Every structure is written in C-alpha cells, then in structure tokens.
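So the structure is just underneath, and the comments pick up after that.
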Amino acid sequence: MRKLFLLVWLAAALGATPAFAVQPDEMLPDPKLEARARELSRELRCMVCQNQSIDDSDASLARDIRVLVRERLTKGDSDRQVIEYLTARYGEFILLKPRFELQTALLWLMPAAFVVIGGLFLIVLARRQPRSSYVEEKLTASEEARLGGVRSQKD
C-alpha cells in the first residue's frame, strides 16, 4: 500500500512540472538570443488561453507570437522594443503583468484599497460592539435587607 501511494505521489509530482510549448524548430541558434526570447515569452499572455504565457501555450497564435518575438530579436530589437511592438499590435492585454499607468492604476491599487477598507470596517465594527461594563458593586443596606430572605433560602 505504501509503495502504491509513493508511485501515485511520484506520478503526480512529475506530471505537475511545467511543459514548455516551444518547439525545437522555433529555437534560435544563438543561446543568448534564445534566452532573451524565452524570458520575453514568459512575460507575454497567450491571447487564446489568456491565463498562460506564450512560452507555456500550445495554441497556434502563441506559436506565431513566439516566432515573431524571435524575428524581432534577430533583427536587433531590444527587449523593450519587442514589448512595445507587441503591445502596439495586440494591446496591453498581451502583457501578463500590466504596467503601472493611468489606465491600469485601478488594477494595481484595488488590492491595497480593499485591505484598507476592510481594516477600517473592522475598526468601526469593533468600536460599535458594546463593551463589557460589568463592575462588581457592593449592595446597599436596604438591598441587603431585601435579599436577606432570598440568600438564606438558597443556603
């Protein structure tokens, strides 16, 4: 039973490793350019899959964009120029991590705003809760006299 568990765990662990979709015919002969292309490919969103980088996607459009990235790099474009070219062609959505600009400020600032608003809500909620005002007070003589019969019956 233990061996079966180990085999299932090993199969799951090996199956969870990322599979890169870059085909050998796409790769550049220059290792430095290929490394730059792979780094850029990890930053670009597959327009078909939308939650994967083009480096991980098997979609034909992702392949076309990977080839385009490599073409631009072999023509001498810098990484920034390649990103600018692709965002001009496909829009900001192609970037997996959008830039902090006026159009994306809400996207970047909303998580922090939610934390601040949540904290303020908790502070207001805590202040609205009635505080325990239990203070033990001694009974007056008349109260003692009135309760005297009740206490003696309990004892």
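The values are calculated or read from the model by the stated rules, or taken from the named source; none is laboratory data. Model, not experiment: these values are computed from the prediction. Cβ placement follows ideal geometry from the backbone for every residue including glycine, while neighbour counts extend to all protein chains displayed.
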Quiz item: ALA11 fails exactly one of the following numbered conditions: (1) at pLDDT below 85; (2) part of a loop (DSSP other than H, G, I, E, B). What is the number of that condition?
Solution: (2)
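The rows are residues; the columns are (1) of a type in the set (A, V, I, L, M); (2) surrounded by 10 or more Cβ atoms within 10 Å (Cβ to Cβ); (3) not assigned by TED's automatic domain parsing to the domain that holds MET27.
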residue: ARG42; (1), (2), (3): no, yes, no
residue: ARG70; (1), (2), (3): no, yes, no
residue: ALA112; (1), (2), (3): yes, no, yes
residue: GLY118; (1), (2), (3): no, yes, yes
Self-check item: Flag for SER78 being assigned by TED's automatic domain parsing to the domain that holds MET27, surrounded by fewer than 14 Cβ atoms within 10 Å (Cβ to Cβ) and closer than 14 Å to GLU26 by Cβ
Solution: no
Quiz prompt | Answer from GLU71, GLU34, GLU26 - the residue that is among the acidic types (Asp, Glu), modelled with pLDDT under 90 and outside any loop (DSSP other than H, G, I, E, B) | solution = GLU34
Exercise. Six or more apart or on different chains, Cβ under 6 Å: which pairs go from a residue in the range 76-91 that's part of a helix (DSSP H, G or I) to one that's among the basic types (Lys, Arg)? Could you list them?
Key: VAL82/ARG72
Quiz item: Hey, PRO98 hits all of (1) in contact (Cβ under 8 Å) with a residue 24 or more places away in the chain; (2) surrounded by 11 or more Cβ atoms within 10 Å (Cβ to Cβ); (3) not polar (S, T, N, Q) but one; which does it fall short on?
Solution: (1)
Quiz prompt | the range 85-114 - residue that is among the hydrophobic types (A, V, I, L, M, F, W, C) and over 17 Å from the mean Cα position of the chain (by Cα) and, of those, modelled with the lowest pLDDT | solution = LEU102
Self-check item: Of all residues in the range 130-145 being of a type in the set (A, V, I, L, M) and part of a loop (DSSP other than H, G, I, E, B), the one that is modelled with the highest pLDDT
Solution: LEU139
Quiz item: Which of the residues that make up the range 92-104 are of a type outside the set (Phe, Trp, Tyr) and in a helix (DSSP H, G or I)?
Solution: GLU92, ILE94
